[in-house]
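The values are calculated or read from the model by the stated rules, or taken from the named source; none is laboratory data. None of the values given here were measured: they were computed from a predicted structure. Neighbour counts are summed over all protein chains in view; Cβ atoms, including those assigned to glycine, are modelled from backbone coordinates with ideal geometry.
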Amino acid sequence: MLKYSETAGIIRLEGNRLGRPYHRLPDVFNRKFDVIELRLGNWFLKKHRANIQLKNISFKMDVVNKSAELLASPIGDVGFDIDRSLLLTLLDNFYGMEISADDASNDSVLTKTEQRLKSRMAVEIISLLFNSESLNLPLPVKPNSNGIQTHWAWQAIFSLSDDASRTFSLLLDDAHTDYILNMLRKHDKHQAREGRPHDKTLSAESVAAAVSTLPLNLKIKVAELSLNVAMLTTLRPGDILPVSLPDAFPIYIGSAQLFTGMIVEEHDRLMLSDIKEIVAEKTYE
């Protein structure tokens, strides 16, 4: 049990998503954190003359974002958004533009210069993240100026410093989240097959060794007595039932009788002795 104040960073899973491993989506990003950090750092340095390093990646589900730059991939829509202050900082580093407090407000409308930079960053950064060395998502993306997408199934927030305003976001629709989940399933199945690579090519010796160690239960029928219902109703505690014992007792494996044997007593223990295989009689026409 956790207090509400202690649940920071915990992803709340809605009921309609139960049974699907959405909790594993952050692992796709976090296990490639070092590669993503290096590639993003090099990109910001070369493209914008900014020494920016990735600090953290956080995640949210079921996000509403109307200002994200929309791009299309072969399976659906993907979005990109960036904090206004970070966008203006990049413009200042590259073009020497002066930033006012009003310009840095996220509520104001982007200028054409800011919008062009945001659109270019969307294509380049998402292509960088989808690269085989990063997230290994072989999905080409291109601008989708005619599309409309406001609700996103998943959001990955990339923090570039301890300042909460220096972030950009990757937004995925349901098709992309399902695509990543399917990749995880295929990866799990591939690892499972690698864990037992010789299952389909067992040698004859291995098969014989496996069969010879199979556990079997032997059942011995000691006696059989036929009674009708009337006789059963007259039975009382202490009654003695006459039973005749055969010379050899039938031995079963499952429901098939395969052997016969003798029951002997040795040192107060019952044992099977003189076990013989039952050979089926041949019939001739």
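Considering only region 129-157, state which residues are outside any loop (DSSP other than H, G, I, E, B) and under 13 Å from Ser67 (Cα atoms).
Correct list: His151, Trp152.
Return yes when Val28 is touching a residue at least 40 places away in the same chain (Cβ under 8 Å) and either in contact with a His (Cβ under 7 Å, 6 or more places away or on another chain) or on the phi > 0 side of the Ramachandran plot (or both) and no when it is not.
no
Suppose we filter Asn42, Asn65, Asn56 for residues that are without any contact (Cβ under 8 Å) to a residue 60 or more places away in the chain and in the same structural domain as Ser159 (by TED's automatic domain parsing); which single one remains?
Every option except Asn42 fails the conditions.
Of the conditions (1) farther than 30 Å from Asn30 by Cα; (2) part of a loop (DSSP other than H, G, I, E, B); (3) of a type in the set (Gly, Ala, Ser), Ser273 fails just one. Which one is it?
All conditions pass for Ser273, except number (2).
Considering region 60-80 alone, what residues qualify as being within 15 Å of Ala153 (Cβ to Cβ), touching a Leu at 6+ places or on another chain (Cβ under 7 Å) and not small (Gly, Ala, Ser)?
Val63, Asn65, Ile75, Asp77, Val78
Just to be sure before I move on: is Thr177 at pLDDT 80 or above, β-branched (Val, Ile, Thr) and closer than 28 Å to Ile75 by Cα in the structure I sent?
Criteria met by Thr177.
Identify, from the list Leu91, Leu117, Leu129, Leu139, the residue that is surrounded by 14 or more Cβ atoms within 10 Å (Cβ to Cβ) and at pLDDT below 90.
The conditions single out Leu91.
Residues of region 204-246 being over 25 Å from Leu272 (Cα atoms), surrounded by 10 or more Cβ atoms within 10 Å (Cβ to Cβ) and not polar (S, T, N, Q), which ones?
Val207, Ala208, Ala209, Ala210, Leu227, Met231, Leu235
Each row is one residue, and each column tells you yes or no for (1) modelled with pLDDT under 85; (2) assigned by TED's automatic domain parsing to the domain that holds Met262; (3) more than 27 Å from Met262 (Cα to Cα); (4) part of a strand (DSSP E or B).
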| site | (1), (2), (3), (4) |
| --- | --- |
| Val207 | yes, no, yes, no |
| Ala210 | yes, no, yes, no |
| Val222 | yes, yes, no, no |
| Leu235 | no, yes, yes, no |
| Pro242 | yes, yes, no, no |
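Out of all the residues in region 247-257, which are surrounded by 12 or more Cβ atoms within 10 Å (Cβ to Cβ) and free of Cβ contacts under 8 Å to residues at least 24 places away in the same chain?
Gln257
Test of understanding: among Asp77, Asp62, Asp102, which residue is under 30 Å from the mean Cα position of the chain (by Cα) and at pLDDT below 90?
Result of the check over Asp77, Asp62, Asp102: Asp62.
Could you look through region 1-26, keep only residues that are under 18 Å from Ser159 (Cβ atoms) and in contact with a helix residue (DSSP H, G or I) (Cβ under 9 Å, 6 or more places away or on another chain), and pick out the one that is modelled with the highest pLDDT?
Out of the qualifying residues, it is Leu25.
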